[in-house]
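I'd like to ask some things about the structure below.
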Amino acid sequence: MPELPEVEVTRRQLEPLLVGRRILAVTATAASRFFLTPPASVRRRLPGRRILGLDRIGKHLLVRLDSGDRLLLHLGMTGQIFGAGAASVRLMSSTAGASLSPERQTGGFAGDRHTHLRLRFEDGGPDVLFRDVRRFGRVQLLRPGEPPERLAQLGPDALEVRAGPLAAAVRRRAAAIKAVLLDQSVLAGVGNIYADEALFLSGIRPARRARSLDAAECRRLAGALRRVLRRAIATGGSSISDFVRPDGTDGAYQDERHVYGRTGEPCRRCRTPIRRLVIGGRSSHFCPRCQR
DNA sequence: CACTTCCCCTGCAAGC
DNA sequence: TGCTTGCAGGGGAAGT
């Protein structure tokens, strides 16, 4: 699900649910790729810690703890973080959803086999759960001063992208502009949906070689990226297959999409059918008439 | 290096 | 109805 806007929406809703609370106990599923730090270690080191803040870096969430440790969370494709009292947590597995629905209605979602991390708090308030069906998400507990390698390699946050630096990065790359936008070391936070949408808004085809973009196109692209990301945050993100906000409600940006997932449907500007092609193993959507 | 492909997982929808 | 195939918003490893 989650690209920068969805992660930022999650951060904003989660912050009041986390900050100031002291962790009482942690439950976690068995060791797997999901846990970059072994779950036994996470269970041992978190209890007793108070949460000081919640930051977003690209598509990562960073929970700051009073011990100086930081809990790094990544939602992958299907990650959901929410309070146990979320009004209507929409679950991906229909079978699990059906069997759990009475509990969800009473605000007591007990977790299921896809719930990999659960925090309980000393104040007895709602638990916070991290659920991820496909397990492409990640959990890592960083010690004070421990360099988080995965963060160090990130480019500037896409919300703040400027035309100049974008042009400089793009000029050196022979790959398709779409692939370059997805490269987190160039720009942190852009994913498949918003790359396609920003390319549409700036009139650039996704398969164009990055270094073929001129200065005006880089300016339009930087502006389109900022605009589409800000608008997506304002509308609560895109809920296309399984993104739900921590409060259990859907975002609304999917209703404003121009190209993503609209293959064969008429362009909203010129009525030409939207085309799809695969770039760097990811589907890309564009209007052959509005985009050059 | 830069670039591409494969693969990790599970669930769903479409086609037969 | 049941089986198979393709597809999914991320990203790291391994290949060329």
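Among the listed residues A:ALA215, A:ALA174, A:ALA163, A:ALA167, identify the single one that is over 18 Å from A:GLY280 (Cβ atoms), surrounded by fewer than 16 Cβ atoms within 10 Å (Cβ to Cβ), over 23 Å from the mean Cα position of the chain (by Cα) and not assigned by TED's automatic domain parsing to the domain that holds A:ARG11.
A:ALA215
Just to be sure before I move on: is A:LEU75 closer than 21 Å to A:ASP183 by Cα and either touching a residue at least 24 places away in the same chain (Cβ under 8 Å) or surrounded by fewer than 22 Cβ atoms within 10 Å (Cβ to Cβ) (or both) in the structure I sent?
When the stated conditions are applied, A:LEU75 passes them.
Please state which one of A:GLY124, A:GLY145 is of a type outside the set (S, T, N, Q), out of contact with any strand residue (DSSP E or B) (no Cβ under 6 Å at 6 or more places or on another chain) and closer than 22 Å to A:GLY68 by Cα.
A:GLY145
Among the residues of the stretch A:274-282, are any modelled with pLDDT of 95 or more and either farther than 25 Å from A:ALA188 by Cα or away from DNA strand B (no atom under 16 Å from the Cβ) (or both)?
Yes, that holds for at least one residue.
Out of A:SER239, A:SER283, report the one residue that is of a type outside the set (Val, Ile, Thr), near DNA strand C (Cβ under 9 Å from one of its atoms), over 14 Å from the mean Cα position of the chain (by Cα) and under 21 Å from A:MET77 (Cβ atoms).
A:SER283
So which residues in the stretch A:1-32 are part of a loop (DSSP other than H, G, I, E, B) and surrounded by 15 or more Cβ atoms within 10 Å (Cβ to Cβ)? So that I can check it myself, show each step before the final result.
Applying the first criterion (part of a loop (DSSP other than H, G, I, E, B)) to the stretch A:1-32 yields A:1-3, A:19-21, A:29-32.
Residues satisfying the conditions are A:MET1, A:PRO2, A:GLU3, A:ARG21, A:THR29.
So, in the stretch A:133-155, of the ones that are among the aliphatic types (A, V, I, L, M) and either at pLDDT below 95 or surrounded by fewer than 16 Cβ atoms within 10 Å (Cβ to Cβ) (or both), which residue ends up farthest from DNA strand B (Cβ to nearest atom)? Break it down into steps so the answer makes sense when it comes.
Initial filter on the stretch A:133-155 (among the aliphatic types (A, V, I, L, M)): A:133, A:139, A:141-142, A:151-152, A:154.
With either at pLDDT below 95 or surrounded by fewer than 16 Cβ atoms within 10 Å (Cβ to Cβ) (or both) added as a condition, the list becomes A:151-152.
Numbers: A:LEU151: 18, A:ALA152: 15 Å.
Filtering the stretch A:133-155 for residues that are among the aliphatic types (A, V, I, L, M) and either at pLDDT below 95 or surrounded by fewer than 16 Cβ atoms within 10 Å (Cβ to Cβ) (or both), the one farthest from DNA strand B (Cβ to nearest atom) comes out as A:LEU151.
For A:PRO38, are the conditions met, namely being farther than 17 Å from A:ARG138 by Cβ and not small (Gly, Ala, Ser)?
no
For the structure I just gave you, tell me whether A:ALA207 is assigned to a loop (DSSP other than H, G, I, E, B) and within 12 Å of DNA strand B (Cβ to nearest atom).
Yes, satisfied.
Yes or no, residue by residue, for (1) surrounded by 14 or more Cβ atoms within 10 Å (Cβ to Cβ); (2) of a type in the set (A, V, I, L, M, F, W, C); (3) under 18 Å from A:PHE121 (Cα atoms):
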{"position": "A:PHE34", "(1), (2), (3)": "yes, yes, no"}
{"position": "A:ARG43", "(1), (2), (3)": "yes, no, yes"}
{"position": "A:ARG50", "(1), (2), (3)": "yes, no, yes"}
{"position": "A:LEU54", "(1), (2), (3)": "yes, yes, yes"}
{"position": "A:ILE57", "(1), (2), (3)": "yes, yes, no"}
{"position": "A:HIS60", "(1), (2), (3)": "yes, no, no"}
{"position": "A:VAL63", "(1), (2), (3)": "yes, yes, yes"}
{"position": "A:GLY68", "(1), (2), (3)": "no, no, no"}
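The values are calculated or read from the model by the stated rules, or taken from the named source; none is laboratory data. No experiment lies behind these values; they were computed from the predicted model shown. When we count neighbours, we look across all protein chains shown, and the Cβ atoms used for this are built from the backbone with ideal geometry, even at glycine.
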